[in-house]
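Reviewing the structure listed below.
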């Protein structure tokens, strides 16, 4: 073997290796050709020459054209000043795949469609409270079982059809009949009737404290009974904006509804919502000025770099996103309350929040600050490694017999959570196996089959306490006391009463360590100077654009 | 020649059928379905059942497969369950970004790779040779993601040192504003083009080095031509068939980089569509997209093979001779990936 | 050994051997020791600049970048070795089939290599990722399939030359089986071309890992790999450019080393092959 190779290497010096070993022939040859070297840049002769020239010219032109265009457009954009802009672009994160708001779940649709294209019967403010909407007012009967809604007059859909009580009744009835998305939020409904063209009466079998709030969201949306369109790609509503184009997973362009019925007409003529899957691309777009608002800036560390720039304004708003570390309360291991408590003691929310830039709020229970029944429960299970270890010991686990758990969550939340939890739980002796999967796999494994130990979900819905009163929900949490309290809360006829019941129920859920609440996400929004009226609170689930203005 | 083309076409069809089975089967093993994704986290089992029924998810697999095949044969790629749009039209819209990107990248890679490769081959020693060699080695070994990031840091509008080129996005009205569209493709195309060009350059050089040892170039030099000229004329001519093959292959092999770069520059191309659709379990759409792409690349392979045949007179007479170049040259094919 | 010595005595070869050697050493080292424990993250100290405690800074979860990259070298090695072994196997199988006596078998082998070669790795990976999810297996399988077929195609001319050589004729005449002749006279002839190709394939497997992981179909979350370090820090390049430098530079250096190694290896073994090729050509 070695002989052959030695021979081989000698050979190779002659054949392939003239370059480095300096064979005389080769160096002669290279000296000889040296004077001709300048010709090297020119193309090979004959017909191919033309091809090369054409190719080079085409690409050179393309590059030059592109650069010139880019520079020119940059100049024109800085030349104007001080006046209202005809159009603006808003960078957002979660893209809808279709526009069928009655069938497709997800807050991405609420964000773009509600208040802009479709309007709910009752409005909702940035404080998460109900306000006048399509209905200018409403009366509630003494027993809280009859709601009478008085519609505004002269409401029209964007196609010119009038919006009257018949459309409202049809929309609500369809919702219940076809079991559209969020239909379960309307409960205890006995009947929905029109009384004349501008009055709708909803009667209940029992009081339902969340009725008005539900009607200010998806369940209350009013659709045109007479219009026929493909709801997946088109949208016809009564809102201040019209849908111009929809490119799934990419962008949505809205234009002003010039015939809007209400007083709060849209200010900016064209608004583009551009969806960025890549946070870095979003930031680049914002810095480059092709996007005027970025909501959310996913990482507060990114926001910090924007705050230093005096072209931009950065702010934080409250939201109802609860990052819930769900525990399988009916699971083999986690049905043991001690272990659940140990996990809660072991988790250091402050560290997780700090790693995300220190913007999010701590959350100690199932109800966030913007929802009724909120109470600061962060003191129930402070970060305490010793206590966690003690509880695990009592449950029969030790260093020699460590507790092994699996955390399965959807890849939309990034890998950082899993890695941090793994590191934090390791400190108390829990060996966490992290599985980051597609959302659809998560739905199958965790949500439908309840085949999991721990799971992480951003439950961004507001008023969603029902999850804890439903033992068939994927948490598998079952507490008679909580169910009773929740039942009382929804039949309460008074807001304060409702909040009190919810507060008690939430306290119990948190005390039972039914899950851990890692954080209450607070959305960071950045916008260019000159943008006004952009909602900072809740703008991931509701983004009313009519009041947004942009001058420069 | 005719026989070769016919045979190659038959292979093409067989491969397509096989692929369709593989793709279909792979997609059915998945947990989760599109109805669950639509219904989301606040749904009831009844709602899920209703949606499944509505979307036709309850039929047997063979029934679904044959339905799909017959639709494909009729040129109907199906309608996305999720978006309600025809897969074909969506794919065509997306391809308007991806295809120009691939083509631009490939052109750049040829423009960079071939002349520099010839230059490197004709300068067999000295500073330029080493510089070219090391540059091509390093540039060919850069991960596409990293290369793109570096380019953004240098040229990206708003973020780079010389911020002159858009670093993300594609104009909303697409090619209706050609300048803008082209400008937004310059950096992405450079990212893939430079990397692939470096590989193309190494390939060209090593192929030419191989040919230089053959009698053809020596003969040309004996007839009074310099080594450089001999390589440019005779040498290139000899390696042309292999160059065509490699170009065809790198077309397919650039695609990984192209998909990464598309995501990085948030271009609304085929990559983002495919990745989201897989995530959403929009099966009918994903399988059609995969088939479409597979067919496309098989077609490129077919065309390349035929072009190679035409360009290589020796193969036309169908006696396979191993020329001096093939050992070294085809060695680089793997490197072009 | 003498091949390694030959490579060592060339500047480029020495560079590649040093880099690859370091890689192996770091892999072994990371099994027993890393500067910081691997599972440890520090949320108060994310995206830290390089310091004494963290020579390469920390990443988005506050993990020590150096430790994590060291751990990633092991994953990378697994991928590379598994890919090469599988690719070599696939290559050998297809080469053997393409030399089969039965026209049909060799025809089928040729069909598969020729047509499937034009399917990009990422497409194979996407199809595989559908049932397998994001996993190392997706990277290994898609790369191995693709390179294996490529190997078969590249090695085929030499294999068929060797198969028609006098040695095989003589061996067959002496009564050895086809399989034995293949094993003793054809396959050894392919070792040079295979080893050269595989070292290049190793480099491209690393690049493919980085790309596929970025697309979310490669190495899963929580597993250390250079690609995942690269893609997780990629989002922050404009704010913490230094963090993204390390994994990218590391990948580039290792891939360059693998390519140089392949180049030198070719030079070391090529004349041997060529001599035989020339010999068989003369005989014809």
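Among B:198, B:63, B:25, the largest mean-square fluctuation in a Gaussian network model of chain B (Cα springs under 10 Å) belongs to B:63. The range A:167-233 and the range A:235-281 have Cα centres spaced 24 Å apart. Helix B:45-55 and the longest principal axis of the C-alpha atoms of chain B enclose an angle of approximately 60°.
Build a GNM of chain C with springs between Cα atoms under 10 Å apart, and of C:179, C:246, C:68 the one that fluctuates most is C:179.
So, in Å, what gap is there between the alpha-carbon centers of the range A:481-551 and the range B:252-272? Rounded to whole Å, the Cα centres lie 38 Å apart.
Put simply, the Cα atoms of the range A:452-510 extend 38, 24, 17 Å along their principal axes, the longest span coming first.
With respect to chain A, whose longest principal axis is taken over its alpha-carbon atoms, helix A:495-511 is tilted by about 50°. Projection of the Cα convex hull of the range C:168-243, averaged over all directions and equal to a quarter of that hull's surface, yields 7.8 nm². Taking all Cα-Cα distances within the range C:1-142, those exceeding 23 Å account for 61%.
A straight line joining the Cα centroids of the range C:216-257 and the range B:235-251 runs 33 Å. The value obtained for the range A:322-520, namely the Cα convex hull volume divided by the number of residues, is 108 Å³ per residue.
Each 10 Å bin from zero holds the following percent of Cα-Cα pairs in the range B:39-99: 18, 37, 30, 14, 1. The mean number of partner chain beta-carbon atoms within 10 angstrom of a residue's beta-carbon across peptide A:249-256 is 4.
Shape index of chain A: Rg/Rh, with Rg the Cα radius of gyration and Rh the Kirkwood radius from the inverse mean 1/r over Cα pairs, equals 1.13. Remark: mean inter-chain Cβ contacts per residue of A:96-109 equal 4, using a 10 Å Cβ-Cβ cutoff to other protein chain atoms. The range B:95-279 has equivalent-ellipsoid semi-axes of 36, 17, 14 Å, by the square roots of 5 times the alpha carbon gyration tensor eigenvalues, sorted largest first. For chain B, modelled as a Gaussian network with Cα springs under 10 Å, which listed residue fluctuates most, B:87, B:44, B:226? The residue with the greatest mean-square fluctuation here is B:44. For the range B:39-154, the alpha carbon convex hull comes to 215 Å³ per residue, rounded to a whole number. Only helices enter the 222 nm calculation for the protein assembly as shown: every DSSP H run of n ≥ 4 contributes -39,500 (n - 2.57), and dividing by all residues gives -17500 deg cm²/dmol, rounded to 500. Where both residues lie in the protein assembly as shown, what percent of DSSP beta bridges are antiparallel, nearest 5? Here the antiparallel bridges make up roughly 70 percent for the protein assembly as shown.
Hey, any idea what Rg/Rh is for the range C:117-224, computing Rh the Kirkwood way over Cα pairs? For the range C:117-224, the value is 1.17. Legend: P(r) of chain B from all alpha carbon pair distances, 20 Å bins from 0, whole percents, reading 26, 48, 23, 3, 0. For the Cα trace of chain C, dividing Rg by the Kirkwood Rh returns an Rg/Rh value of 1.06.
Within the range C:212-257, the percentage of alpha carbon pairs spaced more than 13 angstrom apart rounds to 54%.
Annotation: average projected area of the range B:145-240 is 8.9 square nanometres, based on the convex hull of Cα atoms across all directions. Beta bridges from DSSP with both residues in chain A: antiparallel share about 75 percent, rounded to the nearest 5.
Our Cα-only numbers for the protein assembly as shown put the radius of gyration and Dmax at 32.8, 110 Å. Taking the C-alpha atoms only, the angle from helix C:103-116 to the longest principal axis of chain C is near 30 degrees.
With Cα atoms as the point set, the radius of gyration and Dmax of the range B:192-281 evaluate to 19.6, 66 Å. Restricting the calculation to alpha carbons of the range A:118-220 gives Rg and Dmax of 12.8, 39 angstrom. In the range A:378-424 the Cα-Cα distances spread across 10 Å bins starting at 0 as 20, 41, 33, 6 percent of all pairs.
Only the coordinates and a few stated rules stand behind these numbers; no lab work does. Since this is a predicted model, take the numbers as computed values, not measurements. Backbone-built Cβ (ideal geometry, glycine too); neighbour counts: all protein chains shown.
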